[in-house]
Protein chains: 2
Amino acid sequence: MSGAQRQVRGEKVVEKVLEATLEELAITGYAALSIEDVAQRAGVAKTTVYRRWPTKREVVHAAMLRVADDFILGSNTGSIRSDLIAMLKGFRDFMSTPRGASLVRTLVVDNGCSELSKLTYDIRMDKEAMPLAVVARAIKRGELPRGTDPKLLLDTLFASVQNSVLFLEDVCDDQKIAQLVDLVLVGAENAGGRRLRRAR
Amino acid sequence: MSGAQRQVRGEKVVEKVLEATLEELAITGYAALSIEDVAQRAGVAKTTVYRRWPTKREVVHAAMLRVADDFILGSNTGSIRSDLIAMLKGFRDFMSTPRGASLVRTLVVDNGCSELSKLTYDIRMDKEAMPLAVVARAIKRGELPRGTDPKLLLDTLFASVQNSVLFLEDVCDDQKIAQLVDLVLVGAENAGGRRLRRAR
């Protein structure tokens, strides 16, 4: 076998093992995941996995980073409403794939796991950066009041879509996303009004 | 041992086993839970568990129902804002107890599990009934527009608090709950306005 062939085979093994890791994560979660099950699902020897990733933590890290890299949130349509709708649709579509569901489930469910906490924190910060910039631009353009709390706005929207898709298994179609954005966005746009009204 | 003594001992065993089940659920989730671990944690023989609850599903059902019964959501202050704040605080406080966290985690994380799905569905419907009635009363009083979607409003609020406490492990203090309610409630109050504005 030539060096190039070996490399191709090596890449295929990496791909198979990381896919198997994500599938196992989706089923069992991090705590119950075993390298043995991953190897079996990937159709490779246990030693093949251990050679590249000496610990469970390492193979899970590699698998999560690979999916996270594929998923980019962001939008710049010039309108905060369309930007939010576009990002939430992207998030819903991502979560509706097995790989996306696996990543999000691990991020939320195994969040308390100290072995993963640094990684899940880093991925979350990385994924939040673009949506935060989208809201910051809307404030700058005057679409949202200066006092808007970007994190509260985004956490509320994303938590709702996440809960709907992942846990309630509700319908989360385009219409529902638009209704959700309108509900929360109107709240943000009129936040000053309520403060005044309540101060009376 | 008299009959009365036996009954007291029996009640204690039930209590211990159901508590142990909740603790195990919180750690491992439903799929990985074993009667063996439950018995060990409760300090009773495996056969003691099997005698009362022949399957894992049965002991988990019993444990979940016991916690669910302890948790009542509802408020009737005469103002939708105070009602929502009171219910969300109650939900946050409940989720911050080990038993509450265990129940909510099982409801959301093991939701896809068919053995539990009927039970989780029933518990969710039961817990949703009071908050839905609270919003219906606010619409009737004219505090919220007729077109308000009670489920969208409530799902958004509860998803946000749930995500914050259970997964992000963010601070979810009274101030944050009030900000969240103001954001979403102002959106609901002004929903008609946006529709008009967008129609122009």
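The values are calculated or read from the model by the stated rules, or taken from the named source; none is laboratory data. Everything numeric in this text was worked out from a predicted model, so none of it was measured. Quick reminder, even Gly has a Cβ in these numbers, built from the backbone with ideal geometry, and neighbours come from all protein chains shown. Side chains are part of the model used for accessible areas, which takes the heavy atoms of the whole protein and leaves out ligands, DNA and RNA. Shrake-Rupley method; radii C 1.70, N 1.55, O 1.52, S 1.80 Å.
Scanning region A:40-50 for residues that are assigned to a helix (DSSP H, G or I) and surrounded by fewer than 19 Cβ atoms within 10 Å (Cβ to Cβ) turns up A:Q40, A:R41, A:K46, A:T47, A:T48, A:Y50.
Would it be correct to say that A:D70 is within 20 Å of A:N163 (Cβ to Cβ) and surrounded by fewer than 15 Cβ atoms within 10 Å (Cβ to Cβ)? In short, no. Note on region B:186-195: residues that are more than 7 Å from every other protein chain (Cβ to nearest Cβ) and at pLDDT 85 or above amount to 1. Would a scan of region A:91-105 turn up a residue that is assigned to a helix (DSSP H, G or I), among the charged types (D, E, K, R) and facing chain B (nearest Cβ under 10 Å)? Yes, because at least one residue in region A:91-105 is assigned to a helix (DSSP H, G or I), among the charged types (D, E, K, R) and facing chain B (nearest Cβ under 10 Å). In this structure, does A:A129 turn out to be within 8 Å of another protein chain (Cβ to nearest Cβ), under 13 Å from the mean Cα position of the chain (by Cα) and either at negative phi or not basic (K, R) (or both)? In short, no. Give region A:154-168 a look and list any residue that's under 14 Å from B:L168 (Cα atoms) and either hydrophobic (A, V, I, L, M, F, W, C) or touching a strand residue (DSSP E or B) at 6+ places or on another chain (Cβ under 7 Å) (or both), or say none. Answer for region A:154-168, where residues must be under 14 Å from B:L168 (Cα atoms) and either hydrophobic (A, V, I, L, M, F, W, C) or touching a strand residue (DSSP E or B) at 6+ places or on another chain (Cβ under 7 Å) (or both): A:L154, A:F158, A:A159. Taking the conditions exactly as written (hydrophobic (A, V, I, L, M, F, W, C), under 19 Å from the mean Cα position of the chain (by Cα) and either modelled with pLDDT of 95 or more or more than 30 Å from A:T106 (Cβ to Cβ) (or both)), does B:A138 satisfy them or not? Taking the combined requirement at face value, the residue does not satisfy it.
Consider region A:155-182 and keep the residues that are open to solvent by less than 20 Å² (accessible area, probe 1.4 Å) and closer than 20 Å to B:G147 by Cβ. The one that is nearest to the other protein chains (Cβ to nearest Cβ) is A:S160. Considered as a group, the residues in region A:1-39 that are in a loop (DSSP other than H, G, I, E, B) and of a type in the set (S, T, Y) include one that is modelled with the highest pLDDT, and that residue is A:S34. If you go through region B:79-112 and keep only what is open to solvent by 40 Å² or more (accessible area, probe 1.4 Å) and more than 18 Å from B:L180 (Cα to Cα), you end up with B:S96, B:T97, B:P98, B:R99, B:R105, B:G112.
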